[in-house]
Amino acid sequence: MTRVDLDKIEIENKIDSIESIDIYNNGNYIGRYKLEKQDAITELPIQKVLASGNRYYVPAYQRGYRWTSNQVNQLMNDIWTWDENAKYSLQPIVISQMDDGRIELVDGQQRLTTIFIILRAVGLSAKDLSYQIEYQTRERTEEFLNNHLDDSIGSAENIDWYHMNQCYETAKSFFELIDKSNSSTKNAKKWLDKLIDKEKGAFFIQYQILKEIDDRTVEQIFTGLNAGKIPLTNSELVKALILREQNFKTENYQNEFIEIAQEWDRIEKRLQELNFWAWLGQDPQDDSPHIDFVLDIVADIINVSQEYKLDKSSYQELYSYNVINKYLNSNSDIVSKFWRMVKQCFMTFEDWYSDNEDYHLIGYLSLTNAKKNIIKELYIGYLKTYDDRVKNKIPKIDFEFLSYESKDVRDILLLFNIVTCIQTKNRFRFDDYVNGEYDVEHISPHSGFDRIRKRSERVAWVEAIKNSGLIMFEKLDFYDILDKIDDTYQFNEFYKKVVGLTKTEPWGEESTNRIGNLCLLDAETNRGYGNKPFPLKLKEIIRVDKTQSKYLLPTTKNVFLKYYSNLNVNNLTWEEKDAEEYEVVIRETINNYFGWENLDFEE
């Protein structure tokens, strides 16, 4: 028996004298083929694909389209810079001929789809491309691929469409760039000619599964092909396990097959929503299938209940796949039960997400809890007791001596925002909070303005006051101080005049660092107002609020608008009295909401 490694073979080396071969890809066994029946490996030029009229069929067990802009640029640049005297291999595709003439794509749909999108970007119409790609369960995706690749707004409806649109826009940009590089040559056409040249163009290495020789299902072959890619496709391998043909024999089961495939896509789409994902405390930059998060929780529950005792640290990314594979193979009728577990977990998350109190408190826990698996702990605890009183999970706060240096001050300010949102039914935006780099900032400056020593900082500070348009600064001689900006004495004298107008004299280290002089502000806005007097900070806060350029946390907005300052309504100053009243509100709002015993406020 001869072994052939798909990732290493050279097509020019004929092996037709051998009766049969074992095919491997990346070290994984694909199948056994007899060459007397049909060539196991064929070279498939892109030019031949374009003229084939083939209808490629992407089954439900396949992963969604996930190529990134970097991958598209890499492929296009590789072809552009490729030696024209050699052919460019686009890597393998694995197919299975269907009885109705369609071709099932067992592996390689990502690259075949990418080529289709790039050809649309270079100007070929859907009619010019005789081959088509059909999707078993991804409703309207074929229509989007043929007619709406440039619809950036519509692409937001579906995660596959989003990546297809990004691929299309990346390809368009690439062609525009290479055309500009030489105005006398239409380089986009030259790129296309290189791709589809009959003799020297790009090609796929194609494997065709021969059913009369290899009796494994296409799902099993798909799983074998992708076993080496577990870190990226763990959930897709689980999907292949669920949607095996052997699991769906009767008409009812066939209906269930379609239902599971569609529900799978719905769950993934929901989890891809930025705020939903951030609310679960997950990394916004994570581009792997998000349903992995649910499958991992379900796998933990199965592992414990079935006493498999599989060690997650040993299996790493393979963990949930191994647990679920073992579970599904234990009983041929267990797929429905497993899928109910997945749906129950996900639908519980949706219930929490739709409830005003659960949404805010669970989101707070997911952002602040040191345990990465807090959501899983909440869900497993809920399954045991069906007690959804998340309120009891928030640890009690001791408000004494809270200051800028306190390790919990950031979480407490966040909790103040969370409780405020619950009470006002103003939904907190977790995705904006996660992406905004919010920090604990002083309302009244931490240090005096006289400590501004760099010339550029002094000029910027004076110019900001000059251009503020505030009547209180009209009598200041800005031109004189700008001429003397390097004179520390003159600058300090000017600073004293500003202090007199704004009452912003530093209060002392302890008072300035108390929680009553602190708020949460995103890094960009904080840089925008810097170490400026309170009225200028207020002006910047109002600008951000009006333009919605950043997410202004509700209590931060309230602080600067003097909402907590009782009858002290002078909006042009921030005094110690304002800070004291603000601190009382923080303490009483949180204590009253949770029913904690109020602590005596120390003046």
Per-peptide average of other Cβ atoms within 10 Å, ordering 92-99, 275-282 highest first: 275-282, 92-99
- request: List, in the order given, every pair from K484/K562; K407/K454; K337/K384 whose Cα-Cα distance in the structure shown is over 29 Å.
  value: K484/K562; K407/K454
- prompt: Spin-label point model (7 Å from Cα, Cβ direction): what's the N373 to Q285 distance in nm?
  reply: 2.5 nm
query: So, in nm, how far is label K343 from label I196 when the simple model puts each one 7 Å beyond its Cα toward the Cβ?
result: 4.6 nm
query: Considering only protein heavy atoms, what is the solvent-accessible area of Y489 at a probe of 1.4 Å, reported in Å² to the nearest 10?
result: 140 Å²
query: Applying 1/(1 + (r/R0)^6) with R0 = 22 Å to the Cβ-Cβ distance of Q47 and Q71, what FRET efficiency is obtained, to the nearest 0.05?
result: 0.45
message: Whole-Hz ³J(HN,Hα) for each residue in the range 158-170, computed from phi via Karplus 6.51 cos²θ - 1.76 cosθ + 1.60 with θ = phi - 60°, x for glycine and proline: what do you get?
response: 8, 5, 5, 5, 4, 5, 5, 4, 5, 4, 4, 5, 5
field: Förster radius 60 Å - calculated FRET efficiency between N566 and Q262, Cβ distance, rounded to 0.05
entry: 0.60
task: Subtracting the Cα-Cα distance from 0.36 nm times the residue separation, let me have the gained length for E581 to M472 in nm, one decimal.
output: 36.7 nm
Protection proxy ranking, peptides 520-526, 122-128, average beta carbon neighbours within 10 Å, highest first: 520-526, 122-128
query: How much length is gained if the chain between N255 and K393 is pulled fully straight, taking 0.36 nm per residue apart and subtracting their Cα-Cα distance, in nm to one decimal?
result: 45.5 nm
- prompt: In the structure displayed, which of K309/K376; K550/K577; K48/K87; K48/K239; K87/K194 lie more than 21 Å apart, Cα to Cα?
  reply: K550/K577; K48/K239
task: Report the full-extension gain for the segment S152 to K557: residue separation times 0.36 nm, less the Cα-Cα distance, to one decimal in nm.
output: 142.5 nm
Net charge over other residues, Cβ less than 9 angstrom from the Cβ of W277 (K, R count +1; D, E count -1): -4
query: According to a simple spin-label model (label point 7 Å from Cα along Cα-to-Cβ), what is the distance in nm between L383 and Y308?
result: 1.2 nm
- request: Mind ranking T420, T488 by accessible surface for me, highest first, 1.4 Å probe?
  value: T488, T420
message: What's the ranking of 392-405, 578-591, 334-347 by average number of surrounding C-beta atoms within 10 Å, highest first?
response: 578-591, 334-347, 392-405
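If you roll a 1.4 Å probe over the range 350-394 with all protein chains in place, what percent of the accessible area is carbon or sulfur?
Roughly 42 percent, rounded to a whole number.
The values are calculated or read from the model by the stated rules, or taken from the named source; none is laboratory data. Since the structure is predicted, the reported quantities are computational estimates derived from the model, not experimental observations. Glycine gets a Cβ as well: all are built from the backbone with ideal geometry, and neighbour counts include every protein chain shown. Heads up: the accessible areas ignore ligands, DNA and RNA and are worked out on the full protein's heavy atoms, side chains in. Shrake-Rupley method; radii C 1.70, N 1.55, O 1.52, S 1.80 Å.
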